[in-house]
Structures are given as C-alpha cells and as structure tokens.
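Data first, discussion second: the structure below is written as structure tokens.
The values are calculated or read from the model by the stated rules, or taken from the named source; none is laboratory data. Nothing here was measured: the structure is a model prediction, and the numbers come from that model. We place every Cβ from the backbone using ideal geometry, glycine too, and count neighbours over all the protein chains shown. Side chains are part of the model used for accessible areas, which takes the heavy atoms of the whole protein and leaves out ligands, DNA and RNA. Shrake-Rupley method; radii C 1.70, N 1.55, O 1.52, S 1.80 Å.
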Amino acid sequence: QVQPVESGGGLVQAGGSLTLSCATSRSIFAIYTMGWYRQAPGKQREFVAHITSSGSTNYAYSVKGRFTISRNIAKITIDLRMNSLEPEDPAVYYCNVVGVRGAHWGQGTQVTVFS
C-alpha cells in the first residue's frame, strides 16, 4: 500500500522555525493535492495547508503568514516551512496526498513547541 512518509518533526522553542517534509511514491497516480493536517491531543484532525497540481496553495487561517508550503515536482515531495511557532501549533502533523486513486495518509510526525 502506498503511503506518504513524513520527516522533520521535533522540538523547537516558541517563535522558532521548523521544516517538515513529505515524500510519496510515483505510484500515486495523478496527484491532485499534497498537503498537511495536524492533530493535537484531544482535538480533531485539522487542515493546515495544501498545494494543488497546478501549484495553487491554501492555508488554514491560523497558520497563514507563518507557514509556507512548497513542492518539488520531480521528487514528488512537499515541504512545510513553519515560522514563528506558537504554543497552539504542537501536534502530530500528517501528510495527505490525494490522487485519482483516493487519499493517502502518512504516519505523522510530532512537533513540540516549548516556551
């Protein structure tokens, strides 16, 4: 089964930066969007950002202006650059890839912010 693979999570001080990466398989045919969701303890998984096949981006209001999503088309990877991390940002961040064969989720990577 095809599954995106995340990397880059870790511990960072509030106000700091972290970059998450997600790699996926070429077998996910005709990718529509690649993006990120996050889930904090006791909360529902929520949308963070995504980038479409045409390069359009969309962000959750809570991260707009602080997070930037980018992609490498040749490598079929995306990055999420997270700046000015806040106490509300800690969560498990999941990569989501939507293709013609459906949606695929990564295992998640933990982001922890300390003050």
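Mind listing whichever residues of the range 72-81 are open to solvent by 40 Å² or more (accessible area, probe 1.4 Å) and assigned to a strand (DSSP E or B)? Walk me through how you get there before you give the answer.
Step one: list which residues in the range 72-81 are open to solvent by 40 Å² or more (accessible area, probe 1.4 Å), which gives 72-75, 79, 81.
If the condition is that a residue be open to solvent by 40 Å² or more (accessible area, probe 1.4 Å) and assigned to a strand (DSSP E or B), then N72, D79, R81 are the ones that fit.
Tell me, please, whether a residue that is over 20 Å from G108 (Cα atoms), loosely packed, with under 14 Cβ neighbours inside 10 Å and aliphatic (A, V, I, L, M) can be found in the range 30-41.
For the range 30-41, residues over 20 Å from G108 (Cα atoms), loosely packed, with under 14 Cβ neighbours inside 10 Å and aliphatic (A, V, I, L, M): present.
Any residue at all in the range 47-64 that's among the charged types (D, E, K, R), surrounded by 14 or more Cβ atoms within 10 Å (Cβ to Cβ) and at pLDDT 95 or above? It would help to see each step written out before you state the result.
Just the residues of the range 47-64 that are among the charged types (D, E, K, R), to begin with: 64.
Adding the requirement that they be surrounded by 14 or more Cβ atoms within 10 Å (Cβ to Cβ) leaves none.
For the range 47-64, residues among the charged types (D, E, K, R), surrounded by 14 or more Cβ atoms within 10 Å (Cβ to Cβ) and at pLDDT 95 or above: absent.
Which of the residues that make up the range 82-110 are touching a Ser or Thr at 6+ places or on another chain (Cβ under 8 Å), exposed (fewer than 14 other Cβ atoms within 10 Å of the Cβ) and either of a type in the set (A, V, I, L, M, F, W, C) or at pLDDT 95 or above (or both)?
Matches in the range 82-110: S84 only.
Looking at I69 and the list (1) part of a loop (DSSP other than H, G, I, E, B); (2) on the phi < 0 side of the Ramachandran plot, which single condition is not satisfied?
(1)
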